[in-house]
Amino acid sequence: MALWGNKDLVSNTGTIAIDVSTLTVTGTGTTFVTDGVSEGDVITVGAGATYGYAIVESVASATSLTISDVGSLVSPHNSESGTDVPAGASFEISQEPLYTVKDSTYRAPAAKNTGFSTSPVTTSVYGVDADEVSVASTTAYAVGHSGWVGITSYTDMHGNLRVKSEVLVAGGILTTADSVEENLI
């Protein structure tokens with residue numbers, strides 16, 4: 001298991017449910033095996049990580065896998081409450097750096113209120129390839145380097161969009177099966 005990979009989208013076909021007591025992810029219409037999902041991949045659960053994140057422990061079949069823990073799922077869908085993620089949840093599986101799942105800066109929910117502004121502050125980790133660096137260079141979402149990038153955005157008290165980026169892992173080779181969120185640029 002590597003600490004990170006080069007695919008910002010390994011799989012997102014179908015929907016999932018998570019049984020938090022058994023750490024089992026059950027897919028409907030999923031293709032975990034043929035998509036190449038493997039140990040250490042990161043699952044973003046729900047649109048915009050509404051349910052949080054988990055790390056793949058093992059893949060049993062095209063429709064079943066286990067996760068290592070539920071500590072990075074959002075309450076009440078975590079180990080504290082024992083509430084499952086209901087069937088029909090959307091998901092994305094990537095090879096983003098494992099440590100970002102536990103990093104309070106990037107932990108779900110993706111949008112939160114902070115002292116930066118009165119509007120929600122959105123934080124996410126993206127796999128950015130050289131083409132995306134070039135396209136984003138003329139926008140507020142310009143980043144300094146390709147690789148795994150943490151982006152924080154918010155609207156300040158004067159109505160101005162503010163975007164901060166941090167290259168978490170510099171890398172020139174990211175594959176292009178892009179995550180849905182990246183297409184927002």
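Summary of computed values
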read-out: Shape category assigned to the range 57-98 from the gyration tensor of Cα positions, a/c cut at 1.5; value: prolate
read-out: Per residue Cα convex hull volume in Å³ - calculated over the range 15-99; value: 77 Å³
read-out: Residue order, fewest to most surrounding Cβ atoms within 10 angstrom, among HIS77, HIS158; value: HIS158, HIS77
read-out: Distance between modelled label sites at VAL163 and SER134, nm, 7 Å Cα→Cβ extension; value: 1.8 nm
read-out: The range 1-87: relative contact order as a whole-number percent, Cα under 8 Å and 6+ apart; value: 29 percent
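No value in this document is a laboratory result; all are computed from the given coordinates. Every value quoted in this text rests on a predicted model; they were computed, and no experiment measured them. Cβ coordinates were reconstructed from backbone atoms using ideal geometry, including for glycine residues, and neighbour counts include every protein chain displayed.
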